[in-house]
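Here's the structure, in structure tokens; my notes come after.
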Amino acid sequence: MTYREKQYNTILLTIEDNVAIIQFNRPQAMNALNREMGDERNEILAGIANDPEIRAVILTGGERVFCAGGDLVSFSKFGVVEAREHSQRILAGQRHLAELTKPTIAAVAGFALGGGMEIVLQCDLRIAADNAKFSQPEINVGIIPGAGATQRLVQNTSICKTKEIIFFGEMIDAPTALELGIINKVVPLPELMDTARKWARKLAAKPPVALRVAKAVINTAWSCDLETGIKMEADAWSLLYGTEDQKEGMNAFLEKRKPTFSGK
């Protein structure tokens, strides 16, 4: 049974042509991420990674909550050893999303708290409904973010804004998140999924190899010096001239027609 055919307990998976929509589905727990949801998400992302028909991915929740973060009930009694083991599982799962070679879009309505906000930070593009609220509230229960926010918020905003968000653990509304650079766009709630689908379809029509390479090269900007990053960009740019999509894209431009990319 493939990931497309399986029925999941905590996630609703929809495939629309070349777009996969992953919807967190634990409404009774505000879509809090427990071990089962993490395992199901990882299985789906692994399937998508190896599915040549999927060219873009949307992650979303319901209209009231995107994801309330980690399920505090399940790990409030941890000791240091259990916390470390849990952290390793969470980080392994986060890498499935952060390192997915296909473009990802977070479509956020309602609350994206703690680990839920960290999921948003791992997505390539982020659209928020006007009712979206973001927070890293871990400080209020005696811990700190454990799935990347201390690092990714610095990359998205600044070191002082990161400290403000994490030190105070307070809510950020959608316009503020847009101003800080945490999200790309704010839309009315009824337009959220239509906007995400529109963006995903536009991505699905782009050359998959070039998108994959662009994502990889851009992401290196956070982990290497400028000269190394520029060299990597030049190497990647040159190698794309060996793809069928490059030939199709440039020929279509010269012939004044719309290109059809094969991903080769």
>> Can you confirm whether Asn18 is in contact with a Phe, Trp or Tyr (Cβ under 6 Å, 6 or more places away or on another chain), of a type in the set (S, T, N, Q) and buried (at least 17 other Cβ atoms within 10 Å of the Cβ)?
In response: no
>> Condition first: surrounded by 22 or more Cβ atoms within 10 Å (Cβ to Cβ) and of a type in the set (Ser, Thr, Tyr). Now tell me which residues in region 99-127 satisfy that.
In response: Thr104
>> Being polar (S, T, N, Q), surrounded by fewer than 22 Cβ atoms within 10 Å (Cβ to Cβ) and closer than 28 Å to Lys215 by Cα: is that true of Gln151 here?
In response: yes
> Just checking, which of Lys206, Lys202 is closer than 17 Å to Ile21 by Cβ and either over 16 Å from the mean Cα position of the chain (by Cα) or small (Gly, Ala, Ser) (or both)?
Replying inline: Lys202
> What single numbered condition from (1) over 23 Å from Gly142 (Cβ atoms); (2) assigned to a loop (DSSP other than H, G, I, E, B) fails to hold for Met37?
Replying inline: (2)
> Residue check, Thr260 against (1) in contact (Cβ under 8 Å) with a residue 12 or more places away in the chain; (2) more than 24 Å from Ile54 (Cβ to Cβ); (3) assigned to a loop (DSSP other than H, G, I, E, B), all met but one. Which one?
Replying inline: (2)
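Results for (1) small (Gly, Ala, Ser); (2) over 14 Å from Ala147 (Cα atoms); (3) within 19 Å of the chain's Cα centre (by Cα); (4) modelled with pLDDT under 80, shown as yes or no for each residue.
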site	(1), (2), (3), (4)
Glu40	no, yes, yes, no
Ala46	yes, yes, yes, no
Ile54	no, yes, yes, no
Ile58	no, yes, yes, no
Phe66	no, yes, yes, no
Lys77	no, yes, no, yes
Arg84	no, no, no, yes
Leu91	no, no, yes, yes
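The values are calculated or read from the model by the stated rules, or taken from the named source; none is laboratory data. Note that this is a predicted model, so its numbers are computed, not measured. Glycine gets a Cβ as well: all are built from the backbone with ideal geometry, and neighbour counts include every protein chain shown.
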